[in-house]
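Chemist: Can you read through this structure? Questions will come right after.
The values are calculated or read from the model by the stated rules, or taken from the named source; none is laboratory data. What you see is a predicted model; the values in this text were computed from it and never measured. Methodologically, a virtual Cβ is constructed for each residue, glycine included, from the backbone with ideal geometry; neighbour enumeration extends over all protein chains shown. Calculation scope for accessible area: heavy atoms of the full protein, side chains included, ligands and nucleic acids excluded. Shrake-Rupley method; radii C 1.70, N 1.55, O 1.52, S 1.80 Å.
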Amino acid sequence: MVVHRALRMPVGSTAVFATLALAVCRADDAEGVPQPQAAIARAARAVVKVYGSGGVRGLEGYQSGILVSPEGRILTAMSTVLDSADVECVLDDGTRHRATLLGADPRRELALLAIDATGLPALALEPADAVPVGTRVIALSNLFAVAVGDERVSAQRGVVSAIVPLQARRGAAEAPYAGDVYVLDCTTNNPGSAGGALVDSRGRLVGMLGKELRSTTSGIWLSYALPAAELVRGVAAIESGTSDAETVEDARPFDPGRVGAILVPDLLDRTPPFVEAVVRGSSAERAGLRPDDLVIAVAGRSVGTRGALQRELGRLPAAEPMRLSVIREGAIVEIDLGPKPRVEERPHREDER
Amino acid sequence: MTNAWMLRAAVVLTSVCLLVTALDGGALYGVDAVDRDVLAAEARRVASIRRASATAVAIFAGEAGGGSGVLVRPDGYALTNFHVVQPAGPAMRCGLDDGRLYDAVLVGLDPTGDVALIKLLGRDDFPTAEFGDSDLVQPGDFCFAAGNPFLLATDLRPSISAGIVSGVHRYQFPAGTILEYTDCLQVDAAINPGNSGGGLFDADGRLIGVNGRASFEKRGRVNVGVGYAISARQLLQFFGSLRGGRLVDHATLGATVASSADGRVVVSDILESSDAWRRGLRYDDEVVSLAGRPVRTVNAFKNVLGTLPAGWQVPLVYRRGTERAEVLVRLAPLHAPAELAAIVAGDRRPDRGPGRPAPDDVPGRPETMRPPPEDMPAVVRAVHDPRPGFTNHHFNVVERDRVAAAIAAARRPPAGPWRFGGTLAESGDFRIEVDDTVVSIDLPTGRSTLDPRGELDAAADPPGSGGLLAALSLWRRLSTGGPADLGSTTYWGTAPLYGSPLARADETATASPPLLDVLESAVAGVVARFFVDDGGSVVGIDLWLDADADPCEVRLAPPADDGLPRAIVVRRGTTPFATFLVTPDGEGR
């Protein structure tokens, strides 16, 4: 049980990251610390240019991908570019390869492609710990399709400014992924950047550049990357075939009463999500939830009503931790209700109306 | 009342205490916790930026906007973009980091490459940027831009934006037929409207490019981490022509290339009137290299070609089947002269070209050339002389006279008739006489003579040379009488002499020979170009009897004590005519 004063770090402001960024910039200039040229030269070989459907205004027909195995596995962003039977990947050496779609993780919006080649310069995809805020990073991508053929993808330098849950939308639709992302201080939400590699100053893969999204709260375009750990989970979900069960379309409101958290009766249009009672011996009780707690967020996404709380829980895939933020006696308390139970049959269909 | 006052005082006092604590902590951290190497790196960066800032020019064009420039010569020559000076017009006011305003005049224009040369007036000790080698720049290198983004430099001091090089050898499509960015540097340092024309510098403060373009998209005309700079290499290759006040054109090979199915770059179309065709290039031939730079993709071909001025003669290596050929090709102009003038004047607006709308854009896209103001300052008026074919003819005269003075000061044969002889490398002896009224040559194949006082356009003797006697006559007239004796002579710019068998040993060792001053004379119905080395010696002559045919090419070794070269090579097209080994005076007669 962790007590915070603030829910989450605000995105895109505060002098804190400016100071951190400066400190990191200076450190990298010292003798003996690797300069970015070598890391770029090495890592960029594993970033591929992906061409598919698109080409109409606002919907480009190209993006980026990351070679994650020497045998031609390419991890990229799930997007309309891949809505084509004829997806082509151009490697750093200029060779062109027809790609087949092995599978997709709709929640993280990842897709795994395969090309018929071996001995390729891949980036290791490891469930590394998250890099801390202030880490100097390099974004490698096929932005604006500036590089063609054997021309090297573009490199931008930046700093991980914050690690926060993604609250973003594309048009009117909310992004399905709501977990943590690295917020970057360089502009990476350009056409073609999605699917590019975020590497550290030694060229190690730390994330994948996200799709072009706007913040749901401020409307600004976000520059962010999906952390490597999420990429590992996404690939595992795709390879095990479990990702299909996590689609947003299947998500239904989830009643926390199933794990012992009884909410106040839904009597008003906007009933606040107060906890009415906690079932003795339930996982809610073990997690430390108490009656009269007011739930204000699920996995970092704010919820203002009982309905919103149930919808946010419903969006979480099975087995993901159900992290609640509650207000108790004026302080914010973090509660982990444990892994979300699998959705069984649909026994209460009428309840969803 | 008193309570409220005390409360306020307490708040102020507390704030001051907090502030002091914060400053204290920062200072302690700065001294104790930072590594010495880091401080040294920081000091180096501060010094680089200070040096570069002194060379940054803020260009103001009133309501038409403005931009940036960068000083490259102590007498005030500064590089900027065509699209910055076009709305500014031929006279402009420029601010420097010293807080002073200077009058400036437009000198030369390269509309295709989006480059302009201006000259700040009033000093001969301006701080200048030192050129770096843009070919050595690699992705990840630190870089910074110094300029006038959003015209913020109301105090005339440049804004600095730092970043890394994101990509090298980038190709950016032209807007219509101009503003093509070839072989450019891509940077994530913020390049915004107003940065155009300003310098891009490396970690040591050396000039590696001129910023001029950025990719914009959904957020409007603000930087999104993707800017482009014209490379220092390209700027240096065009600098001579620009300094000569010319309206400079880019080049075409007279052939287009495409990628073949197996990834080779092959000729997809070729004009039979082109020099490349005459040198043997044909459809489907594979282009291997151009101007000494490898061509592995269509973009690489466009990148090399786009950095070369029209009229240069450069090596081309091509392959047909298993046969490999290396020839020298002359590059033709990309535009007709009138076409280029119309683009500058704005009569012809550059269209974006079909199918290429956003995202690429040029900051401050120009429309028409602003006419000179009626109240042009006298100092500017004195150095402003627009003429057809030139941006500012005044500077052509300046450069022509500079080269003429160098020739007059150089070692050359004494006045009077030139008589010399020797042996041919092929076999046999020769004897040459050049005088005001007669030019003659004795060869094993016979004697040829020419009266140089009349028209020369039919003077093709000796047979097969393409006009060697005429070339010898003009060489003597330039050497003894200067340009005044040679009809209409202009400063053409600078060009390399590739493949000269007489280049100095240190020149042949490098892939790119040095750039030589070139004078062009239109006289007696012929056109001749003279290549003059940095010592004022004529080391090459190209003479055209007919603009559409191959010229007579004469390459001369640097002169010996008697003012004469010890070796002269003559060829026409790919065909050698003869190599003359000159015997010192008094021998070999």
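Chemist: Could you please find all residues in segment A:313-339 being at pLDDT 85 or above, charged (D, E, K, R) and part of a loop (DSSP other than H, G, I, E, B)?
Modeler: A:GLU329
Chemist: Quick one: in segment B:474-501, of everything that is among the aliphatic types (A, V, I, L, M) and in a loop (DSSP other than H, G, I, E, B), which residue is surrounded by the most Cβ atoms within 10 Å (Cβ to Cβ)?
Modeler: If we filter segment B:474-501 for residues that are among the aliphatic types (A, V, I, L, M), which is where we start, we get B:474, B:478, B:484, B:486, B:495, B:497.
Imposing the further condition that a residue be in a loop (DSSP other than H, G, I, E, B) reduces the set to B:486, B:497.
On the way: B:LEU486: 20, B:LEU497: 22.
Selected residue: B:LEU497.
Chemist: If a residue must be among the acidic types (Asp, Glu) and either over 20 Å from B:SER134 (Cβ atoms) or out of contact with any strand residue (DSSP E or B) (no Cβ under 8 Å at 6 or more places or on another chain) (or both), how many such residues does segment B:177-236 contain?
Modeler: 2
Chemist: A further question follows. Any idea which of A:GLY203, A:GLY234, A:GLY179, A:GLY207 is open to solvent by less than 40 Å² (accessible area, probe 1.4 Å), under 24 Å from A:SER53 (Cβ atoms) and out of contact with any His (no Cβ under 8 Å at 6 or more places or on another chain)?
Modeler: Residue meeting the stated conditions: A:GLY234.
Chemist: Failed condition for A:ALA122, given (1) farther than 29 Å from B:VAL298 by Cα; (2) surrounded by fewer than 22 Cβ atoms within 10 Å (Cβ to Cβ); (3) touching a helix residue (DSSP H, G or I) at 6+ places or on another chain (Cβ under 8 Å), with all others met?
Modeler: (1)
Chemist: Give segment B:217-240 a look and list any residue that's at pLDDT below 85, under 13 Å from B:ASN195 (Cβ atoms) and either part of a helix (DSSP H, G or I) or more than 10 Å from every other protein chain (Cβ to nearest Cβ) (or both), or say none.
Modeler: Answer for segment B:217-240, where residues must be at pLDDT below 85, under 13 Å from B:ASN195 (Cβ atoms) and either part of a helix (DSSP H, G or I) or more than 10 Å from every other protein chain (Cβ to nearest Cβ) (or both): just B:ARG221.
Chemist: Sort out which residues of segment B:136-166 are part of a helix (DSSP H, G or I) and either closer than 25 Å to B:ASN223 by Cα or more than 21 Å from the chain's Cα centre (by Cα) (or both), and write them in order of number.
Modeler: Correct list: B:PRO149, B:PHE150, B:LEU151.
Chemist: Pairs only if they're at least six apart or on different chains, beta carbon under 6 angstrom, first in segment B:134-149 and within 11 Å of chain A (Cβ to nearest Cβ), second part of a helix (DSSP H, G or I); list them, first residue then second.
Modeler: Pairs that qualify, where the first residue is within 11 Å of chain A (Cβ to nearest Cβ) and the partner is part of a helix (DSSP H, G or I), are B:GLN138/A:GLN37; B:PRO139/A:ILE40; B:GLY140/A:PRO36; B:GLY140/A:GLN37; B:GLY140/A:ILE40.
Chemist: Pick from segment B:167-183 the residues that are part of a loop (DSSP other than H, G, I, E, B) and more than 14 Å from chain A (Cβ to nearest Cβ): which of them is surrounded by the most Cβ atoms within 10 Å (Cβ to Cβ)?
Modeler: Selected residue: B:LEU179.
Chemist: Let me ask you something else. Could you say whether any residue in segment A:96-104 is of a type in the set (Lys, Arg), within 16 Å of the chain's Cα centre (by Cα), within 14 Å of another protein chain (Cβ to nearest Cβ) and in a strand (DSSP E or B)? Steps first, please.
Modeler: Within segment A:96-104, the subset of a type in the set (Lys, Arg) is A:96, A:98.
Still in the list and also within 16 Å of the chain's Cα centre (by Cα): none.
No - not one qualifying residue is present in segment A:96-104.
Chemist: Quick test for you: out of B:ALA78, B:ALA129, pick the one residue that is in a loop (DSSP other than H, G, I, E, B) and either at pLDDT below 95 or buried (at least 21 other Cβ atoms within 10 Å of the Cβ) (or both).
Modeler: B:ALA129
Chemist: With B:THR583, B:THR508 as the choices, which residue is at pLDDT 90 or above, of a type in the set (Val, Ile, Thr) and open to solvent by 30 Å² or more (accessible area, probe 1.4 Å)?
Modeler: B:THR583
Chemist: Which of the residues that make up segment B:34-75 are more than 27 Å from the chain's Cα centre (by Cα) and crowded, with 19+ Cβ neighbours inside 10 Å?
Modeler: B:VAL38, B:ALA41, B:ARG45
Chemist: Any residue at all in segment B:434-444 that is assigned to a loop (DSSP other than H, G, I, E, B), open to solvent by less than 60 Å² (accessible area, probe 1.4 Å) and of a type in the set (Ser, Thr, Tyr)?
Modeler: Filtering segment B:434-444 down to residues assigned to a loop (DSSP other than H, G, I, E, B) leaves B:435-438, B:444.
Still in the running and open to solvent by less than 60 Å² (accessible area, probe 1.4 Å): B:435, B:438.
Applying the additional criterion that residues be of a type in the set (Ser, Thr, Tyr) yields none.
Checked against the condition, which is being assigned to a loop (DSSP other than H, G, I, E, B), open to solvent by less than 60 Å² (accessible area, probe 1.4 Å) and of a type in the set (Ser, Thr, Tyr), segment B:434-444 yields no hits at all.
Chemist: Let me ask another. Among the residues of segment A:105-143, which ones are within 14 Å of chain B (Cβ to nearest Cβ) and in contact with a Phe, Trp or Tyr (Cβ under 9 Å, 6 or more places away or on another chain)?
Modeler: If the condition is that a residue be within 14 Å of chain B (Cβ to nearest Cβ) and in contact with a Phe, Trp or Tyr (Cβ under 9 Å, 6 or more places away or on another chain), then A:VAL137, A:ASN142 are the ones that fit.
Chemist: State all residues of segment B:291-322 that are among the β-branched types (Val, Ile, Thr) and either crowded, with 21+ Cβ neighbours inside 10 Å or in contact (Cβ under 8 Å) with a residue 24 or more places away in the chain (or both); if no residue qualifies, say none.
Modeler: Filtering segment B:291-322 for residues among the β-branched types (Val, Ile, Thr) gives B:295, B:297-298, B:304, B:307, B:314, B:317, B:322.
Of everything in segment B:291-322, those that are among the β-branched types (Val, Ile, Thr) and either crowded, with 21+ Cβ neighbours inside 10 Å or in contact (Cβ under 8 Å) with a residue 24 or more places away in the chain (or both) turn out to be B:VAL295, B:THR297, B:VAL298, B:VAL304, B:THR307, B:VAL314, B:VAL317.
Chemist: Separate question: What strands (runs of 3 or more DSSP E) completely inside segment A:151-222 contain at least 1 residues that are among the polar types (S, T, N, Q) and within 12 Å of another protein chain (Cβ to nearest Cβ)?
Modeler: A:154-165
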